[in-house]
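Input: a single structure, listed below in structure tokens.
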Amino acid sequence: MSYGTIHVFEGYLAGFRRNWRATLLTSFGLPILTLLGIGLGVGKYLTTRFDDVPYVEWIVPGLIAATAMNLAVSNSTWPVLAKHSWTGTYRTQISAPLRVRDVLAGHLAFVLFRVLISCLALLAVAATFGAIASPSALVAVPVTLLLALAFAAPTFAFSATVRSEIYFSALTRFVIMPMSLFAGVFFPVALLPEALRWLAAISPLSSGINVIRSAMQHVATPWPVFVHLGYLAAWAAAGWVLAHRRFRRRLIR
């Protein structure tokens with residue numbers, strides 16, 4: 001990580017220290033309420049065990065992955081468009097001795113930081129309620145960050161391309177929300193019709209859930225773990241290349 005990237009990241013941290021209370025509901029409250037309401041509440045009435053574990057334990061990997069996805073996307077849409085089109089933050093940064101890659105990497109690092117603290121909080125709450133059976137659950141942390149980058153980097157590229165926030169509603173309704181419902185967060189993908197199972201299998205969220213669930217509950221993954229990780233890394237790398245290209249086009253004319 002270059003000094004320029006570190007300085008950009010520190011700038012976002014300084015702002016976060018002043019405004020972190022405003023993020024409590026979306027970053028911590030909603031995922032924790034979902035765990036308590038669905039994992040414990042609904043799980044209390046489910047007699048079927050999922051992958052031979054209680055439902056409240058089974059749902060935790062999916063919630064961690066979904067939280068990472070939602071935070072990565074929400075922090076890579078309006079904030080990125082605002083800094084390009086409304087506040088001019090990126091252009092101000094690039095006028096300093098910073099490169100485009102510093103501006104992009106510093107902001108991406110801050111998004112991953114937001115994901116990290118939220119997912120650690122969710123793990124802590126899950127452990128408090130006995131929904132985590134093994135310390136190997138910590139292996140899920142780096143996988144969660146890779147999953148977040150697989151969503152954040154392409155979303156940065158998308159946000160640097162569009163000129164209006166109206167496109168973000170379409171992204172949420174037609175991509176993120178269906179992925180949350182059908183990628184194995186709340187119920188096994190095997191229960192879906194075959195056509196939907198194929199769609200779920202090619203989603204980055206599904207790969208992230210499979211690896212996190214394997215790390216936390218020692219269950220087999222549909223593909224070898226390295227294939228799932230490579231798939232997420234490919235999304236992250238392609239997203240970085242596209243985002244860097246779009247940032248250069250908008251910031252250097």
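The values are calculated or read from the model by the stated rules, or taken from the named source; none is laboratory data. In this text the structure is predicted, and so the values were computed from the model without any measurement. Ideal geometry is used to build each Cβ from the backbone, glycine not excepted, and the neighbour counts take in all protein chains shown. What goes into the accessible areas is simple: the full protein's heavy atoms, side chains included, and nothing from ligands, DNA or RNA. Shrake-Rupley method; radii C 1.70, N 1.55, O 1.52, S 1.80 Å.
Looking only at residues in region 197-210 that are farther than 21 Å from LEU123 by Cβ and open to solvent by less than 40 Å² (accessible area, probe 1.4 Å), which one is modelled with the highest pLDDT?
SER203
Considering only region 239-248, how many residues are in contact (Cβ under 8 Å) with a residue 24 or more places away in the chain and open to solvent by 50 Å² or more (accessible area, probe 1.4 Å)?
Final tally of qualifying residues: 4.
Of all the residues that make up region 211-225, how many are under 14 Å from GLU57 (Cα atoms), open to solvent by 10 Å² or more (accessible area, probe 1.4 Å) and not in a loop (DSSP other than H, G, I, E, B)?
5
Out of (1) touching a residue at least 40 places away in the same chain (Cβ under 8 Å); (2) crowded, with 16+ Cβ neighbours inside 10 Å; (3) part of a helix (DSSP H, G or I), the odd one out for HIS228 is which?
(1)
Conditions first: (1) open to solvent by 60 Å² or more (accessible area, probe 1.4 Å); (2) in a helix (DSSP H, G or I); (3) at pLDDT below 95. PHE158 passes all but one, so which condition is the exception?
(3)
Taking ALA105 and the conditions (1) at pLDDT below 95; (2) open to solvent by 20 Å² or more (accessible area, probe 1.4 Å); (3) part of a helix (DSSP H, G or I), which numbered condition does it fall short on, given that it satisfies the others?
In the conditions (1) at pLDDT below 95; (2) open to solvent by 20 Å² or more (accessible area, probe 1.4 Å); (3) part of a helix (DSSP H, G or I), ALA105 misses (1) alone.
Return the residue satisfying two criteria in turn: it lies in region 88-127 and is free of Cβ contacts under 8 Å to residues at least 24 places away in the same chain and of a type in the set (A, V, I, L, M, F, W, C), and of such residues it is nearest to THR23 (Cα to Cα).
The extreme case among them is LEU120.
Can you spot a residue in region 94-102 that is outside any helix (DSSP H, G or I), surrounded by 13 or more Cβ atoms within 10 Å (Cβ to Cβ) and among the aliphatic types (A, V, I, L, M)?
Scanning region 94-102 turns up at least one residue that is outside any helix (DSSP H, G or I), surrounded by 13 or more Cβ atoms within 10 Å (Cβ to Cβ) and among the aliphatic types (A, V, I, L, M).
Of all the residues that make up region 177-196, how many are among the small types (Gly, Ala, Ser), assigned to a helix (DSSP H, G or I) and either touching a Gly at 6+ places or on another chain (Cβ under 7 Å) or open to solvent by 40 Å² or more (accessible area, probe 1.4 Å) (or both)? Spell out the reasoning first.
To start, the set of residues in region 177-196 that are among the small types (Gly, Ala, Ser) comprises 180, 183-184, 190, 195.
Remaining after also requiring assigned to a helix (DSSP H, G or I): 180, 190, 195.
Checking the rest, the ones that are also either touching a Gly at 6+ places or on another chain (Cβ under 7 Å) or open to solvent by 40 Å² or more (accessible area, probe 1.4 Å) (or both) come to 190, 195.
Residues flagged as among the small types (Gly, Ala, Ser), assigned to a helix (DSSP H, G or I) and either touching a Gly at 6+ places or on another chain (Cβ under 7 Å) or open to solvent by 40 Å² or more (accessible area, probe 1.4 Å) (or both) within region 177-196 amount to 2.
Is one or more of the residues making up region 11-25 under 25 Å from TYR167 (Cβ atoms) and either open to solvent by 50 Å² or more (accessible area, probe 1.4 Å) or outside any helix (DSSP H, G or I) (or both)?
yes
Specify the residue that is surrounded by the fewest Cβ atoms within 10 Å (Cβ to Cβ); the eligible residues are those in region 126-136 that are in a helix (DSSP H, G or I) and at pLDDT below 80.
PRO135
Give the residues of region 160-193 that are under 16 Å from the mean Cα position of the chain (by Cα) and not hydrophobic (A, V, I, L, M, F, W, C), sorted by residue number.
THR172, PRO178, SER180, GLY184
Condition check ((1) of a type in the set (Ser, Thr, Tyr); (2) in contact with an Asp or Glu (Cβ under 9 Å, 6 or more places away or on another chain); (3) modelled with pLDDT of 75 or more; (4) over 22 Å from SER118 (Cβ atoms)) across all residues:
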position: PHE9; (1), (2), (3), (4): no, no, yes, no
position: ALA14; (1), (2), (3), (4): no, no, yes, no
position: THR23; (1), (2), (3), (4): yes, no, no, no
position: SER27; (1), (2), (3), (4): yes, no, no, no
position: ARG49; (1), (2), (3), (4): no, no, no, yes
position: ILE64; (1), (2), (3), (4): no, no, yes, no
position: MET69; (1), (2), (3), (4): no, no, yes, no
